[in-house]
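Shown next, in structure tokens, is the structure this report addresses.
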Amino acid sequence: PAAILGDGDISLVHQNIARVLDIAFQPIVDIHSGRVFGFEALLRNVAATGFASPVAFFDSRAAAGDLPEVESAIVRLAFERFVRIQGRENVKLFLNLDGRTIAAGEPIRSTIAAMKRRYGLSDANLAIEVTERYDFNANDAGFRALLDLRAEFGSLTLDDFGAGEGSGQLVDER
């Protein structure tokens, strides 16, 4: 399963991820107007990496210690695919981020900032979706990193709110 990561060179990681994995976009629709106001980037083709699900893939990368770098490569892929959408200037890219990647701080912040600059996107074009699998209350540094992302990029959303344990505690206690 780790074959897509090459020798650890981050440019090779990105090339291999872009070759094997893919991004699908789920439209986010305003229920009142029926207008598409954004697209959620969803990781696809993880079975080609030898994992049954994105969760298993991310857990393996966390165990290997390279989740922030791998997820940064996936974020680059999502931006590269998003900018191909006609009318992208008027919609948001919803990026799901693993809480462990957010808690790591800098790697993902730098990647998102670089991609925004490269493709001329503003904060209005971006929403960070926080998955519920990570308990931000268990780690002050993780919660601080989450707040830093919100301060730098504006919009945070809760992905699949109510499906796990982390976000409910985040809303209740913070």
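Give me the percent of accessible area attributable to carbon and sulfur for the range 79-160, probe 1.4 angstrom.
46 percent
How far apart, in nanometres, would the label points at residue 122 and residue 141 be if each is projected 7 angstrom from Cα along the Cα-to-Cβ direction?
Placing both labels 7 Å along Cα→Cβ, they lie 3.6 nm apart.
Pull out a ≥ b ≥ c, the square roots of the eigenvalues of the alpha-carbon gyration tensor of the range 46-155, then state rounded if a/c is under 1.5, prolate if not and a/b is larger than b/c, and oblate in the remaining case.
Note, shape of the range 46-155 comes out oblate.
So who's got an amide H within less than 5 Å of the one on residue 126, skipping anything under 5 residues away but keeping other chains? H placed 1.01 Å off N, in plane.
93
Counting only the heavy atoms of the protein chains, how much of residue 74 is accessible to a 1.4 Å probe, in Å² to the nearest 10?
Rounded to the nearest 10, the figure is 10 Å².
The values are calculated or read from the model by the stated rules, or taken from the named source; none is laboratory data. Note that the structure is predicted; figures quoted are calculated from it, not measured. Note that we place each Cβ from the backbone using ideal geometry, even for glycine, and neighbour counts take in every protein chain shown. The area values use the complete protein model at the heavy-atom level, side chains included, leaving out ligands, DNA and RNA. Shrake-Rupley method; radii C 1.70, N 1.55, O 1.52, S 1.80 Å.
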